[in-house]
Amino acid sequence: MEIIEELKAEKMSITLDGFSILREINLSAKRGEIIGITGPSGSGKTTLLLTMIRFVEPSSGHLLINGSDYRTFRLRDLRRLIYYVPSEDFILKASLRENLSLGDDAEEDVLREAVEVAGIDFATLDDIVDPEKLSLGQKQRIALARALIRRPQVLLLDESLSGLETPLEDMVLRKVIEYLKNSIILVVSHRLSALRHASRIYVMSGGEIIDAGSHEELYKRCQLYKEIVEKYNISCLCHFSSFSM
């Protein structure tokens with residue numbers, strides 16, 4: 001299967017039922033990069049990620065994999081290469097093992113490693129998990145481990161660890177980045193504990209990317225980014241002293 005060296009959107013727009021959802025999106029991510037995406041609710045962040053797995057498709061412009069239109073890939077193959085993890089995924093009332101494998105063959109050591117990386121310390125592989133008794137953070141870690149055992153070349157995290165306390169989210173993301181160090185990881189979040197790992201952050205508003213850069217660059221020049229940081233991360237601003245404010 002082809003190795004994804006670069007994922008790139010070029011002037012990509014999406015119109016649904018006459019409404020413009022995304023407008024002329026330009027974004028690039030190369031193998032091994034961590035990319036952050038942030039913006040207010042309704043700004044198009046989730047739609048952007050769903051476009052990457054062809055849940056919706058561009059009305060104009062292009063989404064390219066290694067320079068070729070991503071629609072040249074069979075849908076099944078594309079979704080093996082690119083894995084989307086929502087903020088809350090479905091969990092079966094079944095063993096943890098069954099929840100991770102979903103009927104696919106998975107080696108024991110792969111399952112155990114994914115469990116460790118995702119920070120699942122509340123169940124063993126053979127324990128039955130009941131979604132009605134799990135916290136959001138526990139559900140999110142199961143969904144993350146489910147993605148990890150498939151070792152996607154592009155991992156899309158859509159507020160996928162929002163139910164975790166900041167220190168745990170930071171620890172899990174560090175492990176995920178190391179585990180998938182040769183993959184592209186796109187992280188949608190409002191939280192510094194997630195965005196701090198990104199080499200580049202895209203700021204979205206009204207279906208457009210209005211700015212992009214490092215945390216330090218955006219905090220200085222992008223008023224919307226600064227407002228998001230201060231609204232959602234007021235208790236974290238002093239915690240991450242590595243950031244230049």
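What follows is calculated from the coordinates using simple rules that are stated; it is not laboratory data. All values reported here derive from a predicted model rather than from experimental measurement. Glycine also receives a Cβ, built like all others from the backbone with ideal geometry; neighbour counts cover every protein chain displayed.
Residues with beta-carbon under 13 Å from that of E217, excluding E217: net charge, scoring Lys, Arg +1 and Asp, Glu -1?
On the way: positive: R200, K220, R221, K226; negative: D211, E216.
In short, +2.
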* Separation between the E24 and S135 pseudo-spin-labels, each 7 Å from Cα along Cα→Cβ, expressed in nm? -> 4.5
* Asked: How many Lys pairs in the chain lie less than 17 angstrom apart by Cα atoms, where the lysines are 8 or more positions apart or on different chains?
  -> 7
* Taking the Cβ-Cβ separation of L92 and K220 as r and a Förster radius of 41 Å, what is the calculated FRET efficiency to the nearest 0.05? -> 0.30
* **Sparse-neighbourhood loop sites, chymotrypsin sites (Phe, Trp or Tyr not before Pro) in segment 1-75 - DSSP loop, at most 16 other Cβ within 10 angstrom** => F55
* Asked: Taking Rh as the Kirkwood radius, which is the inverse of the mean 1/r over Cα pairs, what is the Rg/Rh value for segment 80-206?
  -> 0.95
* **Most fluctuating residue given options R200, R71, R141, as computed from a GNM of the chain linking Cα atoms under 10 Å** => R71
* About the Cα centre of segment 4-231, how large is the charge dipole given +1 on each Lys and Arg Cβ and -1 on each Asp and Glu Cβ? Please answer in debye to the nearest 20. => 580
* From a point 7 Å beyond the Cα of E108 in the direction of its Cβ, which residues of segment 62-101 have a backbone N at a distance under 11 Å? -> none
* Which residue, L81, L125, L144, tops the fluctuation ranking in a GNM of the chain built on C-alpha contacts under 10 Å? -> L125
* Overall Cα dimensions of the chain, principal axis frame, Å, largest first -> 49, 47, 33
* Highest-MSF residue in the chain out of D109, D211, D17 [GNM, Cα springs under 10 Å] -> D17
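Whats the longest run of the chain with zero GluC sites (Glu not before Pro) that are DSSP loop and have at most 12 other Cβ atoms within 10 Å? Working shown, then result.
Working: sites that count: E2, E107, E165.
Within the chain, the longest run free of exposed GluC sites (Glu not before Pro) spans 3-106.
Using the Cα gyration tensor of segment 1-126, with a ≥ b ≥ c the square roots of its eigenvalues, what is the shape: rounded (a/c below 1.5), prolate (a/b larger than b/c) or oblate (neither)? Present the calculation step by step, with values, prior to reporting the outcome.
On the way: a/c = 2.21, a/b = 1.77, b/c = 1.24.
Here segment 1-126 falls in the prolate category.
Which FRET efficiency, nearest 0.05, do I3 and F55 yield, Cβ-Cβ r, R0 41 Å?
Details: r = 23 Å, r/R0 = 0.57.
It comes to 0.95.
In units of 2.2 N^0.38 Å, what is the alpha-carbon radius of gyration of segment 85-138?
Working: Rg = 10.8 Å, N = 54, 2.2 N^0.38 = 10.0 Å.
Rg over 2.2 N^0.38 Å, computed on Cα atoms: 1.07.
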* To do: Please name which of S60, L96, A194 has its Cα lying farthest along the dipole of the chain towards the positive end, using unit charges on Cβ (Lys, Arg +1; Asp, Glu -1) and the Cα centre as origin.
  => S60
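May I ask you to work out the translational diffusion coefficient for segment 38-77 at 37 °C, viscosity 0.692 mPa s, via Stokes-Einstein with Rh from the Kirkwood sum over Cα pairs, reported in whole µm²/s? Walk me through the numbers on the way to the answer.
On the way: Rh = 11.3 Å.
For the chosen part, D equals 292 µm²/s.
If the chain between L168 and E10 were fully stretched, how many nm would it gain, using 0.36 nm times the residue separation less the Cα-Cα distance? Each step should come with its number before you reach the end.
Values: separation 158, 0.36 × 158 = 56.88 nm, distance 3.53 nm.
This chain segment gains 53.3 nm when fully extended.
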